[in-house]
Structures are given as C-alpha cells and as structure tokens.
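Heads up, the thing below is written out as structure tokens.
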Amino acid sequence: MAVINYDSELRRAGAHSTHGWRKLTYLVQRHMLGAIGLVIMVLFVMAALLADFIGRYDPLSVDSLQRLAPPSALHWLGTDSFGRDVWSRIIHGARISLAVGVGSTLLGSSIGVMVGLASGYLSGWVDLVFQRITDILQALPLLVLALVMTAALGPSLPNVIIAIAIPLIPTVARVIRANTLALRELPFVEAAKSVGMSETRIALRHVLPNTLAPLIVLATAQLGSTILTEASLSFLGLGIPEPYPSWGRMLSESAAEYVRTAPWLVIFPGVAISLAVFGTNLFGDALRDILDPRQRG
Amino acid sequence: MFAYIVRRLILMLVTLFGISVIIFVLLRIVPGNIVDILFDAAGFVDQADKANLEKELGLDQPIFVQYLKWIGGLLHGDLGYSYVSEKPALQEILPRIPITARLAALALLFSAAIGIPLGVISAVKQGTRLDYALRVVSLSGLSLPSFWLGLLILMASVAMFGTMPIFNPNPRTWTEAFAIYCVPAMAVGFRSAALVMRITRSSMLEILRQDYIRTARAKGASESSVNYHHALKNAVLPVITIIGIEAAFLIGGLIVTETVFNIPGVARFLVEAIRWRDYPIVQNLVMLIALVVVVTNFTVDMLYAAIDPRIRYTD
Amino acid sequence: MRSVRALAAVALSLLAASSVAALAGEPKNGGILRVYHRDSPASASIHEEATYSVNIPFMPIFNNLVIYKQDVPQNSMESIVPDLAESWAWSDDKKKLSFKLRQGVKWHDGKPFTSADVKCTFDMLMGKSQQKFRKNPRKSWYDEVVDVTVNGDFEASFNLKRPQPALLALLASGYTPVYPCHVSPGDMRTKPTGTGPFKFVEFKANESIKITRNPDYWKKGLPHLDGIEFTIIPNRSTAILGFISGQFDMTFPTEVSIPLLKDVQKQAPKATCVVEPVNVSTNIIVNSSAPPFDNLDIRRAMALALDRKAFVSILYEGQADIGGTMLPAPGGLWAMPKEMLETIPGYGPDINANREEARKLMAKAGYGPGKHLAVKVATRNIPIYRDPAIILIDQLKSIHIDGELDVVETANWFSKVARKDYTLGLNLTGNAVDDPDQSFYENYSCGSERNYTNYCNKDIEKLFDEQSAETDVAKRKKLVWEIDKKLQEDVARPIIYHGRMGSCWQPYVKGITIMVNSSYNGYRYEDVWMDK
C-alpha cells in the first residue's frame, strides 16, 4: 500500500492548479456528494454545540397542558406524551448521538490501532492471541455484542459508548494489522532497523503515520454504524436511559402508543437519525475515494 | 486442503469456546439477576423467599461451577432451563427458530433479487447519472434505521388499510401470510439490499478492470459477452463473501424488526431474555448466533478455497 | 275472581318474561373467545402474582371456596355465593368459619377434590407447609388465621385469633383460588390444574395463552364457550386496531383508557363499551422519613396544592372518582360521605384558597418565590403512571416546589420504593377487594412490605384492628370513615383519584359483567357466550 502522493494524483487528473482555493473548489466539484455529506455533518455538529440556543425549550421540562400537540408555530415539531418539545429534544439528541457515535468510534479505533499495530508488527504469540480475540469478537454481530454489553454493564451514557466501541475493535485491528504487515516489509523500515532504531520507535514514527489514511477512512465508515447501533439500542430500551433525549428512544416511546394518533413522534426522530448517518456515509465515501483510490468503487 | 479444513475447524471451536466464556462472564458482571425481576413483577420483596429462590436456581454457586454445568449440559444437548418459563431452554428456543429463519431467508432473497442486478447495472454504467442515482439510493438505504423503516411501514399500513399485520402462526390466507412475513422481510431486507448493491458494484468494477477481461476484449469477444459471461462468473466469488457478511448484518436487523412487528422469533426472544435476565436463554441464544455466523464464514471460506485455488495455501 | 285475575297476571308476566328471554336469546354453546392481552404474566400461578394480568387469563381455570357472584357488578358481602363450598357458618364467638364442601368435584386431571386440598392451599399461603410458593404477596391476608382444620373429606374450618368478618371477602376474591395438593407450586406456575370451567392448554410467554372448555365441570351446562385465546400484544395501538378490525372479540378488560375509548367507539360503533372504576387509586407516596417531607408542614402544603378535578378532567375527561383511601360511591361501599370528605384539607372546593394556605405553610418552612424546593418525583415508565406524574409536577409549581421527573424501569420500581430510595413517588395502588382490611393493613400498617411510605401510627393500627373485628356493618362503616379521614389528614399517602377504565366487546359477545369496585374478581367467564 503506497503512500498517496496527492499532488501527482491531482496533476495526473488534469488539475490546473495545486494550490489553495483552487484545490479546494476542485475537490468539492469532483466529490460533490462528499461535500454535501460534510455540510450535513457540520450542521449536526453545530446543532449539538449550539443546542441551548437553537432548542427553544428545555428538552426535559414537562408541560401537562401541551401533551401530544401537533406541529405548530409554538412547537415546531409538536410535543410528546410528556408535553416536551420535540424540536428541542431532537436538537439536544444530536449531542447524545454524536457523543456516542464519535466517542465510541474514537475509543474503538484507538484500541483497534494499538492491537493491530502490536499484532502486525510484533508477530509471534502476541499476534496469535490478538488474532483469536478478534476472531471471537467478530463472531458476533455488532448489535448483538452491543446489546449484551449494555445489558452487562447497565444502561448509562459511558457504558453505551464502551459497549459500542468494543465490537469496532476487531474490524479496525484487522485492517491495521494487514497494513502494518505490508509496511513492515518495505525498504525504509529495513533501513531504519539497520541504522539501529528501536522497534517501538520504528512502529511509532514510521509505520503509524502511514496507516493513518486507511484508518481515517475506516473510522468515518464506522461512524454511521455507531450512530445506528446507539439508536437501535435505545429503541430496544437497552441504551441511553431516561431522561436523556436519544433519538432512538424517542422512537421507542412513540412506537408503543402513538403510531396512529401522533405520527410526528415517529417521523421526525427517524429523519434525524437517517440524515445524520446519510451525511456521514456520503462524507466517508468521498474521503475513501480521495485518500485510498485502491478501494475506490 | 485437508490440513486447511482441519485448521479452520479447530479455529472455529476455539472461537466458540471463547465466546461462551465471554458471554457467561458478561451476564454476571452487573448486580441484580432474574430473582430481582421476578420479585419486582410481583410487587413484593421478601428477603427470605428471594434467598430460597436463588438457591433453587443455583445462582448462589461460584461462577465457574455454574459455567461448567452449562457447558457440560450443552455437550449433551441439555441447554438448561429458562428461569422465566421453567421449561427446558431448548424447548423454548427451537420452535422460534423456523419463524426467524423464514424471515431471514425472505430478506436474503429480497436483498439478492434487488441488490445484485442493481449493483451490476451500477458498475457497468459507472460514472453515468444512473450510477450516481443508484449510489445515492443505496447509501440512503444504508442510512435508514431498519426499525424506523418498520415503523413507517406500520404507519403506512394503518393509513392505507386501517390495520396492522398481527402475527398469526397459522395464517389462513395467502394475503395474510404475505402481510405477516413479506412485509417485515422487506423492512429487514432493505438495508441488506443496499449493502449487497454496493458490494456487487465494487466487485464488478474490480473484475472489469482485471487483465483477463482486457485480454478477452482483445481476443474480440463482444462487449455484452464480456460483461455478462466472464465478469459475472468471476463475480460469484465476492457474492459468496456478501452472503457471509450479510449473515451478521441481517441478525441485527431481525432483532429490531421482530420487535417492531411483534413477531415471536428467536431474535426478539434475545431482547426479551436480556430484559428478564433469563441467563440460560441469553447464553444459548448468543451461542446460537455465534454458531450461525461462524459456520457461515467457514462455509464461505471453504467455497472460496474450492473455487479459487490461490487462496488455499495461505491463511 | 281475584285469584283468577292474579293467576292471569302471573301467567301474563311469565309469558312476558319468557318472551323477553327469547328475544335476548338462549345462550348458545360454542366458539372461542379471542381477547388480546396487554403483557406477558410472569407465571400462571395466581397465588404467586399480584397483577390482574394473571387473574384475567387464569381465573377461569379455578374455583374458590366462595366467590362474588359473577353477574353482579358490585362486590359486597351480600353478593358472595357458594363455589366449592356449598354453605358456610361462623361460630358463635365469630372466631371459627366453617365450610361445608361440595362433593363429586374433580380436578382437571380427574382426581377428586377434598378438604385436604383446601388445607394444602391455605397452609401454603400461611407458610406452614413443606411445599412453598416462590413468592407469596398475600401472606399477610391470613395474619389472623391460626390454622385450617378439616373434619372429614368435605368440611374445612378456619380458626381465627379474633373475629374478622372481612375474611370471607378475602376468600371470595379472584386472588384466592383453591389449589390441588397433588400438584407442585412449580407446575402450577407453568401448567396450572384447577376445578374450574376451563382447562389450561398452553402458555407461550409473550405470545399467547389458551384455555379450553372443561367438559366435566361440576356446574352442568357450563361453560358456554369452547375456549378462550389470549394473544399477547404489548403495543396498545396494534391491539386496539385488532379489536376494531374484528380480529379480537373483546379488549383486555379494564384496559382501554378514556381517550382511546372514544377512538374505539368511533371506529367500531356497534361494539359495547362500558366504563367502570377499577378500584385502583392513583396516589402520591411520600418518603416521610427523610427531608424535606419529614416536615409535616411541607407534607400538608403539598396535599393542599392538589387540584384533583384538574387531574380528572385532563386524564379521564371527567370520568374518575375523587375520594380517600376507600373507593368512592357509587362503585365503592366504604367511602366516607362527601360532606365529610370536603372537611379534609385539600379536598375543599376552593383551590385558590387551599393553595394560598399551602404557600403560607411553605413560607413557614422557609420556601417562597425566591427559594424553591427541588424534589425528584419517581414513577414507573408506563403511561398510566407517567401522565399523572407530569400533571403533579405542574401543580406543585404553584407552591414553589420544582419537581423533576425520575422515570424508573418497571423491573426496578418495587425494590426502589421498598427500600425508600425516593422523595416523592407517583404510585398506583390496586385493591384486590373493596374491603378496608385489605387496603388499610397492606398499605398503612407498620412493617407491611407494601407500606412504601413507612407510615407508622400505632394508634391508628389499633383502630384498624377495631374495625376489622367489628361485625356490625353500620358501626364498622363509621369506624372506617374516621380512620380514612385521619389517614388523609396525616398526609400519609395523598390519594389523587380513583380511575375508571373502559372495556369493549363485539356485539355478539354476551354475558360479560365488568365489576364496579374491583378489577381482580370478575373473570370466571362461565356465563359468557357468543351469539354467532
């Protein structure tokens, strides 16, 4: 897996300029979908950060007179069975979903990188043990493992992040391991060794930076899965507990009682989830196209 | 070849063993067990009765004794007893499997029937607007939570037909059977279809670039025969991989869809058992799922090795 | 002449009566009643559970010693009729209740019913036998029973420490079936055997419960139905849709809320629907052993701030009853008269005056517009608990109390409140029978497991015993009213309202009687038939 020389790629593709704004606009033009995905993601991040300002009501405050109100000027997306404003809950829900999504992706990826690096670079029994562990973890589908882990750890925000992070480890570890194995054979590693560099230093200073590209691609691809898994866990009632506004749990409450009488409770949280994941997927696809053309397609 | 099979089989067993240990330990980390839940359901908490019940269920023994009991039983086909229904776990799990199997098969069929052709078209027409549109559609399919899709379908059925499909183990008419099985299968299969489409597309593209396609073209084979003859034949390999990957993917979708449509299958059973802390059921179900995934992967690998000899001698 | 006219009159009225009967139709035999069930019972053993989710499907399998007459909506001492006991009598000192048992009754597996079965059942309930129930929620019902003795195969007697007329009411409840000696409690949890009109067929957790006609039932000609099938559908919308579209013959009894009822009546105008009190009170449990509610002033302030009519109008569209611990008239038999009720702080008609007074009390405790009191209001995560909790929080705002909703999963609710891990809780208390013995002892006596508030007043407990031993009904009622009033004034567990729920069935279903003062006692179903 060669390091990508971006400038030469661009020139080969016929770019006229390789600097600054032109580069950017060229990128955007070439990967329009990815740009849209990025915009969507940025919007959600901003919503999460500015939740207190954009959300018009406190997402937790109950109002018995406004229970199950349809969308109106007062409540843009209606209210739920507690009288809580749906718009505010969706905006604040962005915080939760992004926290869980990003948190578990980061956690899972970092541990996965360490495991994959150690496994690929050190070989021997370390490799064997880690391989078996990743085998085991991969034998269970993501949702099942996350379900069992939240059941085991108990429903709370940090536990959900851990529960979703763990199934990510094997996928990341596998890719990083393969990458490391390939890189290990390259001449510059041999050269470093012959000069007397320690294994660890080689691993950290030379091998790791070159695994960054596939790692970023992988992580962005996983982000969508983690958001969906958190939504599924909360929908099943085994994820984020009350009273945090999780999009998935907003759907589980509405499903039971109000499919007929309050459809806005079903439609809007689902739209939020789909849009967030869609943006992530679009962006992830484009990123993969840019950083790792071998995987293009 | 034989050595390869044996090696893989041993690996499979090691993996399954590892899972059994992990699941067993995980379920017992958190304080609180089935006894707490049973008593809470009765609205009444008497400590002496609780202690008695724990002893009766064997919950007061050290963990690894309980583990050995379970594994020992497993090897004779005794899966233990469900705490909730007090029937043998096997008796509870077995009848639910066909229902989920039917749903899974239908979903696989649906996803293959839609995903493969669309993936091929997308690959062949790469770069065109059609390709673009199909890629967006497949991406959005992957972005929809399957339980939300299920909820939307329920809403639509209420709005259009005034009723929702209610599960009936013995459907009397074909329309009823269709409503009960195919509707949820489509909800599950939608995401899988998107996944299948993407993978088919990328592997078709990979194939189309291969040297031997160029050679075939150079030899003068017509465009269509190149596409549908050589390319597809060699795209069979990745399709087998797809089925392998899908197995894991589907199970997650089945869990939430069975919950939404209130279908008494094995996937929904897992969630119920977790809620009730019915350990025997949860343990066995997780092992079952792991078995299905691992065996599917094994079969896929065997098929792969059988078809492409290059794979056989590396690990 | 007169006698001929009288004879003619009698003949005519008989004719009229029989033609009315003919119009109503003779009960037809056959058919399987399809009902939806709202959740999966933890087990099939009535004695081990405490929810009507178990009574409704499994009561048809059993008989009691005595039972409330099933076609009389109001349970009372007068409506208690023989079941497995042909007759009964109190001894002169009222400390012994003897039952003459029916002969020729068989259990569903063919074995004969004898007095030994009665002794077995109640020995198990009192914890006296080798065989044990896993859970025994109503053990305290038999606190005054010394033992059960038998005299031959067909006579059994309860020997009491002191007179307790209410014992008969407790025995007539749907919660008190007679179990067989020869079937273990474990089997009764999974495959119950009874003597009743229906036999157990299967119980698939979270799926369905099926029972079938008992052809050897000792009441000849009954039951009319071939069987009953309960399909478990936790999703209320789906379930009600199933009823509207004709897939179910009946809704789960007493489960349709008033707002949903309007929907049902609109979509299924031919269905018969009734709304009756369920004898489940919605109340506030107060942790009076910890701040801030250990302060009587604050407790009183909270009681004064309640606008009960608002709860009733928002949640029940006006169709619920306001009262004290005992279910109010016309459904209930033991509630104090309206004039007496309104003298209790918080029950008076002038809400604003009440709240003014409440604010004064809060000020005395140091809280006012500048200093609010923050409390957590715990409740279960199901609508019938959550909805009143929200309204309560709103109403508490008027006296500077800022409530925060603390929703607890059902599986954790009872242990949480049992260990007093709450400040305020919105609770529902179901009463198995409309009798003060059951309500007072279970919920207010020191040391009772269900006394979630730790309320402990020895003087009042003496009054409990006094009313329990009182055999003159009129005197007993007066005592009960006094006690009820005191309990409310002590703000032990403020009762907000007694809800009413709807039950609906298709027009061809006949013979259903929904009780007006209990939701646990009316499900024998031996008289139900379908006209189709």
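Quick note: the coordinates plus some simple rules give every number you see, no bench work behind them. Every value quoted in this text rests on a predicted model; they were computed, and no experiment measured them. When we count neighbours, we look across all protein chains shown, and the Cβ atoms used for this are built from the backbone with ideal geometry, even at glycine.
Rg over Rh for chain C works out to 0.99, both radii taken from alpha-carbon positions and Rh defined as the Kirkwood radius. Based on alpha carbons, the Rg and Dmax found for region C:346-460 are 16.2, 47 Å.
Within a 10 angstrom radius of each residue's Cβ in B:250-261, how many Cβ atoms of other chains show up on average? Whole number is fine.
Partner Cβ neighbours, averaged per residue: 4.
Just to be sure I understand: of the beta bridges DSSP finds with both ends in the protein assembly as shown, what percent are antiparallel, rounded to 5? Bridges in the protein assembly as shown that DSSP calls antiparallel: roughly 75 percent.
Based on the Kirkwood approach, the hydrodynamic radius assigned to chain A is 21.3 Å, with every pair of different Cα atoms included.
Express the relative contact order of chain C as a whole percentage, based on alpha carbon pairs under 8 Å and six or more residues apart in sequence.
Reported as a whole number, the value is 22 percent.
Taking Cα centre as origin and charging only the Cβ of basic (Lys, Arg, +1) and acidic (Asp, Glu, -1) residues, the dipole magnitude of region A:209-288 rounds to 160 debye. For C:LYS204, the aspartates and glutamates whose Cα comes closer than 16 Å to its Cα, not counting residues fewer than 8 places off in the same chain, are B:GLU86, B:GLU92, B:GLU272, B:ASP278, C:ASP39, C:ASP187, C:GLU229. Determine which residues of region A:107-132 fall in the zone a paramagnetic label at B:VAL21 would reach in this model, i.e. backbone nitrogen under 13 Å from the point 7 Å along Cα→Cβ. A:129-130, A:132, by backbone N distance to the label point. Helices in chain C, meaning DSSP H runs of at least 4 residues, each add -39500 (n - 2.57). Divided by all residues, the mean residue ellipticity at 222 nm is -9500 deg cm²/dmol. Taking every C-alpha pair closer than 8 Å and separated by at least 6 residues, the mean separation divided by the residue count of region C:179-243 gives a relative contact order of 24 percent. Relative contact order of region B:58-193: 30 percent, from C-alpha pairs under 8 Å at least 6 residues apart in sequence.
Legend: mean number of C-beta atoms from other chains within 10 angstrom of residue C-beta atoms, peptide B:158-166, equals 5.
Highest GNM mean-square fluctuation among A:LEU49, A:LEU117, A:LEU98, for chain A modelled with Cα contacts below 10 Å: A:LEU49.
Taking the longest Cα principal axis of chain C as reference, the axis of helix C:115-125 is set at about 20 degrees.
Below 15 Å, Cα to Cα, which aspartates and glutamates can C:LYS219 reach? Residues fewer than 8 away in the same chain don't count. List returned: C:ASP83, C:GLU86, C:GLU526, C:ASP527. P(r) for region B:46-145, from all Cα pairs and a bin width of 10 Å, is 12, 23, 18, 14, 16, 13, 5, 0 %, short bins first.
Ranking C:THR193, C:TYR52, C:ASN283 by Cα position along the charge dipole of chain C, where only Lys, Arg, Asp and Glu carry charges on their C-beta atoms, puts C:THR193 farthest toward the positive end. Spin-label model, C:ASP421 to B:GLN126: label points 7 Å out along the Cα-to-beta-carbon direction sit 5.9 nm apart. Using alpha carbons only, how many degrees (0 to 90, rounded to 10) separate the axis of helix C:473-489 from the longest principal axis of chain C? Tilt relative to chain C: about 30 degrees. When A:HIS75, C:HIS400, C:HIS182 are sorted by how many other C-beta atoms sit within 10 angstrom of their C-beta, beginning with the fewest, the order is C:HIS182, C:HIS400, A:HIS75. Close amide H pairs (under 5 Å, H built 1.01 Å from N) link C:TRP334 with C:LEU327, residues at least 5 positions away or on another chain. Ranked by the mean number of other Cβ atoms within 10 Å of their residues, highest first, the peptides C:38-50, C:137-149, B:255-267 fall in the order B:255-267, C:38-50, C:137-149.
Shown here for region C:330-425: GluC sites (Glu not before Pro) in loop regions (DSSP other than H, G, I, E, B) with at most 14 other Cβ atoms within 10 Å, namely C:GLU342. What angle, in degrees between 0 and 90 and rounded to the nearest 10, separates the Cα long axis of helix A:124-138 from the longest principal axis of the Cα atoms of chain A? Its long axis makes an angle of about 30 degrees. Counting only other chain Cβ atoms within 10 Å of each residue's Cβ, the peptide C:494-502 averages 0. Close amide H partners of C:PHE248, meaning residues 5 or more places away or on another chain with modelled amide H under 5 Å apart, are C:PHE243. Cα extents for region C:89-208 along the principal axes, largest to smallest and rounded to whole angstrom: 50, 32, 26.
Phi angles across region A:181-186 convert, under the Karplus curve 6.51 cos²θ - 1.76 cosθ + 1.60 with θ = phi - 60°, into 3J(HN,Hα) values of 4, 5, 5, 4, 7, 5 Hz, Gly and Pro given as x.
Per-residue 3J(HN,Hα) values for region A:144-150, derived from phi via the Karplus relation 6.51 cos²θ - 1.76 cosθ + 1.60 with θ = phi - 60°, read 5, 5, 5, 4, 5, 5, 5 Hz in sequence order (x marks Gly and Pro). A compact globular protein would have a Cα radius of gyration near 2.2 N^0.38 Å; the ratio found for region C:225-330 is 1.47.
Within region C:261-294, the trypsin sites (Lys or Arg not before Pro) that combine a DSSP coil assignment with at most 11 other C-beta atoms in a 10 angstrom radius are C:LYS270. By definition, a body whose alpha carbon gyration tensor gives a ≥ b ≥ c is oblate when a/c is 1.5 or more and a/b is not larger than b/c, and region C:384-532 fits this oblate description. Applying the criteria of a DSSP loop state and at most 10 other Cβ atoms within 10 Å to the chymotrypsin sites (Phe, Trp or Tyr not before Pro) of region C:285-374 yields no site. The calculated Kirkwood hydrodynamic radius for the protein assembly as shown is 33.3 Å, given to one decimal from all distinct C-alpha pairs.
Across the cross-link table entries B:LYS87/C:LYS199; C:LYS100/C:LYS135; C:LYS376/C:LYS485, which are compared at the Cα atoms, the separations over 22 Å belong to C:LYS100/C:LYS135; C:LYS376/C:LYS485.
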